[in-house]
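Comments concern the structure below.
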Amino acid sequence: MPRSLSAPVPGWAASADVIVVGSGIAGLTCALRLRERVDRVLLVTKTVLDEGSTAWAQGGIAAALHPEDSPEEHLEDTLVAGVGLCDREAVEALVTEGPQRVRQLVALGAEFDRDADGEIKLTREGGHHRDRIAHAGGDATGREISRALIAALDRVRDDPGIEVVEHALVVDLLDDGAGRVNGVTLHVIGEGQLDGVGAAYARAVVLATGGLGQIYTSTTNPPVATGDGMAAALRAGARVTDLEFIQFHPTVLFLGEGSTGQQPLISEAVRGEGAFLVDAAGHRIMEGRHELADLAPRDVVARAILDTMRDQGVDHVYLDARHLGAAFLEERFPSIVASCRSLGFDPATDLLPVAPAQHYASGGIETDLHGRSSLPGLYACGECSCTGVHGANRLASNSLLEGLVFAHRIADDIPARIAAGELAEPEVPERPDRAGGDARGDHALLDHSQRLTVQRAMTSGSGPVRSAESTAATAVVLGELAALPPSKAAPGPKTWETTNLLHLGQVLTALAARREETRGGHVRSDFPERDDARWLARQSVVVAPDRSLTLTERSMP
């Protein structure tokens with residue numbers, strides 16, 4: 001695997017104390033908090049501030065806010081959902097600090113739905129034994145959180161301590177020659193001084209670039225979710241862990257065979273309010289499969305749907321919410337109801353056709369409890385990271401909380417390390433063209449015309465159900481694409497994105513082929529049982545300086 005992407009030489013340079021890449025809950029929280037503690041923060045985002053995955057989060061944010069709930073109960077539910085592979089210390093940090101962080105978010109301006117007494121309304125989702133999901137606008141929690149954070153950022157836009165650059169795609173990471181990450185190469189789209197590829201330098205880089213959903217033909221993720229941060233960190237030599245654990249959301253509106261790209265999500269909160277899954281004959285799918293029935297953890301529900309589809313030879317099942325009534329549905333889930341009706345389905349009168357689709361990457365850039373990656377100077381948080389919180393399967397609504405909690409931890413750690421002299425000020429070269437990639441190099445790129453080929457290969461071989469045969473077939477296709485002549489693909493955003501998907505697909509497929517069991521988001525048809533005797537372990541991959549891949553395995557307690 002190449003250590004960098006072919007790209008034009010940088011034509012400009014910039015510097016800051018910290019570069020934060022990404023504008024979801026993780027990136028915005030980290031940048032806002034760092035602004036108060038370091039001299040200069042550079043926040044870059046791929047499109048515009050509110051187009052990341054956070055804005056698409058429907059269900060809510062999980063935290064033990066109710067007096068009858070506790071962090072200990074939240075901890076237990078998270079560990080159960082993670083099927084033995086959660087890092088307990090990371091989960092303890094999440095559930096213990098979570099309530100305070102949510103309250104701080106409210107103080108910042110986030111307006112959650114409240115009951116008649118003015119208390120935050122709490123509901124339940126899959127895998128939770130308590131009502132602990134706070135939501136906003138019924139089913140627009142992510143958009144409200146994003147709005148509040150962007151509003152907080154707008155209030156300090158004139159502060160010279162923070163600069164925002166939109167339409168900026170991270171190409172690769174920079175290092176100081178001694179193994180420490182000290183910047184990124186960026187492609188900035190638009191007019192003006194920062195047009196094209198440049199080099200930005202910093203004492204530390206925080207990647208909060210979101211997931212890799214566009215690696216599959218169908219996903220709930222927005223078009224920007226092409227795994228750019230994960231792939232750049234992988235090529236730079238950072239340890240990437242648990243990438244085989246991909247969560248396929250059970251209830252994504254089925255729009256017919258051949259529908260690709262971002263698909264309409266039917267939030268788990270709909271089942272939390274009493275909707276249930278049925279087959280074409282009206283039989284309840286989840287009855288007798290799990291003690292929580294339709295509110296079982298997502299991997300359990302998705303697997304039950306896939307089993308039903310296989311056994312009955314169908315391509316979808318149904319979600320029945322009709323008994324909840326139009327008035328309740330319109331008040332509680334206005335966005336979902338509007339989306340469904342615009343597509344010809346009415347949740348109040350129709351059974352909704354649903355099938356699993358890619359939703360979340362539980363793995364990513366491995367970090368410690370402070371958000372530090374295995375590379376000095378590089379941090380990660382949010383979906384692109386692997387804190388160990390999610391294990392083999394993310395518990396519903398823990399993702400927004402993870403981004404919030406670990407962004408705070410990173411924003412506390414970096415200033416302390418700067419004060420201790422551990423993160424030196426970077427040397428900015430007089431000539432920026434000495435940094436980054438080289439368009440004349442042989443760093444193979446995959447042309448964006450091949451993106452659908454990557455997506456189809458990943459969906460069929462490394463998708464919701466995998467086997468030795470299917471992953472081997474996918475590996476062959478991806479290997480052939482990786483071997484295409486580099487001269488065929490011109491450097492540019494679409495080609496870089498497609499190449500990122502290829503690199504992550506190769507690693508994900510290798511890990512999925514090696515894990516011969518079914519656990520959480522990883523389902524093997526040829527190894528349908530969980531195997532704790534052999535596979536109570538986490539897999540990691542590192543790209544060595546000679547471009548070879550080193551795979552390591554770490555047993556869990």
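No lab work stands behind these numbers, since they all come straight from the coordinates. Quantities reported herein were computed from a predicted structural model and do not represent experimental measurements. Glycine also receives a Cβ, built like all others from the backbone with ideal geometry; neighbour counts cover every protein chain displayed.
With 10 angstrom as the radius, rank ASP228, ASP69, ASP315, ASP412 by how many other C-beta atoms surround their C-beta, starting from the fewest. Display every interim value, and only then the final one.
Working: ASP228 27, ASP69 18, ASP315 11, ASP412 15.
If I rank by nearby Cβ atoms, fewest first, I get ASP315, ASP412, ASP69, ASP228.
Distances over 15 Å make up what percent of all Cα-Cα pairs in region 159-229?
Here the long-distance tail beyond 15 Å is 63 percent of all Cα pairs in region 159-229.
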Search the structure for amide H atoms under 5 Å from the amide H of LEU65, placed 1.01 Å from N in the peptide plane, and list their residues when 5 or more places away or on another chain. none
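From largest to smallest, what semi-axes in whole angstrom does region 494-557 give when each is the square root of 5 times an eigenvalue of its alpha carbon gyration tensor? Please report the intermediate quantities before stating the final value.
Values: eigenvalues 131, 51, 14 Å².
Computed over region 494-557, the values are 26, 16, 8 Å.
If you place +1 on the Cβ of every Lys and Arg, -1 on the Cβ of every Asp and Glu, and leave all else neutral, what size is the dipole of region 176-264 about its Cα centre, to the nearest 20 Debye? Please report the intermediate quantities before stating the final value.
Details: 4 positive and 7 negative charges, 65 e Å.
Approximately 320 debye in magnitude.
How big is the Kirkwood radius of the chain, worked out from every pair of different alpha carbons and given in Å to one decimal?
Working: mean 1/r = 0.0426 Å⁻¹.
Computed over the chain, the radius equals 23.5 Å.
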Could you pull out every residue, at least 5 positions away or on a different chain, whose amide H is within less than 5 Å of the one on MET556? Hs are placed 1.01 Å off N in the peptide plane, and Pro or chain starts have none. ALA537, ARG538
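Convert 10 °C to kelvin, take the viscosity as 1.306 mPa s, use the Kirkwood radius over C-alpha pairs of region 48-197 as Rh, and evaluate the Stokes-Einstein diffusion coefficient in µm²/s, rounded to a whole number. Don't skip to the answer; put the middle values down first.
Values: Rh = 18.3 Å.
Translational D for this selection: 87 µm²/s.
Across all directions of projection, what mean area in square nanometres is found for the Cα convex hull of region 250-356? Present the calculation step by step, with values, prior to reporting the outcome.
On the way: hull surface 25.9 nm².
Mean shadow area of the hull around the Cα atoms is 6.5 nm².
Report, as a whole number in µm² per second, the diffusion coefficient that Stokes-Einstein gives for region 437-529 at 4 °C and 1.567 mPa s using the Kirkwood radius over alpha carbon pairs.
Values: Rh = 13.8 Å.
Translational D for this selection: 94 µm²/s.
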When the Kirkwood hydrodynamic radius is evaluated over all pairs of different C-alpha atoms of region 223-300, what value in angstrom, to one decimal, is obtained? 15.7 Å
So which helices of the chain fit the span-like rule, where a helix is a whole DSSP H run, its Cα atoms reach 30 Å or more along the axis, and its mean Kyte-Doolittle is at least -0.5? 398-419, 493-514
So which GluC sites (Glu not before Pro) in region 476-536 end up in coil per DSSP with only 15 or fewer other C-beta atoms within 10 Å? GLU516, GLU529
Size of charge dipole - the chain - debye, nearest 20, with Cβ of Lys, Arg +1 and Asp, Glu -1, no other charges: 980 debye
GLU125's amide H: which non-local residues (gap 5+, or another chain) put their own amide H closer than 5 Å, with H modeled 1.01 Å from N in plane and none for Pro or chain starts? ARG132
Can you give me the Kirkwood hydrodynamic radius for region 310-456, using every pair of distinct Cα atoms, in Å to one decimal? 20.7 Å
Using the number of other C-beta atoms within 10 angstrom as an exposure proxy, rank TRP12, TRP496 with the fewest first. TRP12, TRP496
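Need one number: % antiparallel among DSSP beta bridges in the chain, to the nearest 5.
Percentage antiparallel, nearest 5: 65.
Fewest first, what order do PHE245, PHE328 take by the number of other Cβ atoms within 10 Å? Don't skip to the end; give the middle numbers.
Working: PHE245 31, PHE328 14.
By the 10 Å Cβ count, ascending, the order reads PHE328, PHE245.
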What net charge do the residues around ASP159 carry, taking every other residue with its C-beta under 12 Å from that of ASP159, with Lys and Arg at +1 and Asp and Glu at -1? -1
Compute the distribution of all C-alpha to C-alpha distances in region 1-124, in bins of 10 Å from 0, and list the percent of pairs in each, rounded to whole numbers. 10, 28, 33, 20, 8, 2
Under the Karplus curve 6.51 cos²θ - 1.76 cosθ + 1.60, θ = phi - 60°, whole-Hz ³J(HN,Hα) for region 351-358, x wherever Gly or Pro sits: 6, 9, x, 9, 7, x, 9, 4
Dipole of the chain, positive direction: furthest Cα of LEU508, LEU549, VAL38, with charges on the beta-carbon: LEU549
Radius of gyration and Dmax over the Cα atoms of region 313-392, both given in Å: 19.7, 56
Can you list the HN-Hα couplings for region 159-166, worked out from phi with the Karplus curve (6.51, -1.76, 1.60; θ = phi - 60°), rounded to whole Hz and with x for Gly and Pro? 6, x, x, 9, 10, 10, 10, 9
